[in-house]
Amino acid sequence: NGSIGIILQNINQIPDNEIGNAIIGNTHTFYILKQDKSIEPLRDRLNLSSHDCNQVHSISNNLSSSPMYTEFLMKMGDKSNVYRLELPKEALLAYRSEAKEKEPVLNEFSRTGSMEQAITNLLKNNL
């Protein structure tokens, strides 16, 4: 048994053509992150129900206070639910994608040559 997954920032990254529609049609599980823009394209391409859309609107992230977490909607067939992942500070530092937020980690990595040591040092200094 196996599966293929695609994680995208935006549904428009899958072309709206025969190949893109085949990809969507053959995907059993969708992981939908918090949407900062309109969800209409997502709703239309994935045939989301009104309940699914309400769940997408309910997704929240807290990356500034304890406990830090991110939420996502997992949709499998006609079933869907919102799940929360609590993030340890180490993971938050390791997986930031915004340039400004990851700059201290990359600077410390350049100094130490070790990502693990860089994160440990930043946590010791309460970053």
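The values are calculated or read from the model by the stated rules, or taken from the named source; none is laboratory data. Computed from a predicted model, the values in this text were never measured in an experiment. Positions of Cβ are generated from backbone atoms using ideal geometry, with glycine treated the same way; all protein chains shown enter the neighbour counts. SASA here: full protein model, heavy atoms, side chains in, ligands and nucleic acids out. Shrake-Rupley method; radii C 1.70, N 1.55, O 1.52, S 1.80 Å.
Restricting attention to the stretch 54-70, the residues that are at pLDDT 90 or above and within 17 Å of the chain's Cα centre (by Cα) total 10. Of all residues in the stretch 24-32, none are out of contact with any Lys or Arg (no Cβ under 7 Å at 6 or more places or on another chain) and among the aliphatic types (A, V, I, L, M).
Screening residue 42 on (1) under 30 Å from residue 119 (Cα atoms); (2) in contact with a strand residue (DSSP E or B) (Cβ under 9 Å, 6 or more places away or on another chain); (3) not in a strand (DSSP E or B) shows it passes everything except condition (1). Considering each residue of the stretch 42-58 in turn, none proves to be closer than 19 Å to residue 95 by Cβ, open to solvent by less than 30 Å² (accessible area, probe 1.4 Å) and not hydroxyl-bearing (Ser, Thr, Tyr). Put simply, of 117, 55 the only residue that is polar (S, T, N, Q) and closer than 24 Å to residue 10 by Cβ is 55.
Name the residues in the stretch 88-127 that are closer than 19 Å to residue 62 by Cα and either open to solvent by less than 50 Å² (accessible area, probe 1.4 Å) or in a helix (DSSP H, G or I) (or both), would you?
The answer is 89, 90, 91, 92, 93, 94, 95, 99, 100, 101, 102, 123.
Looking across the stretch 1-25, the residues that are part of a loop (DSSP other than H, G, I, E, B) and either modelled with pLDDT under 90 or among the acidic types (Asp, Glu) (or both) come down to 1, 2, 3, 4, 5, 6, 7, 8, 9, 10, 16.
Pick out the one residue from 80, 66 that is small (Gly, Ala, Ser) and surrounded by 14 or more Cβ atoms within 10 Å (Cβ to Cβ).
Every option except 80 fails the conditions.
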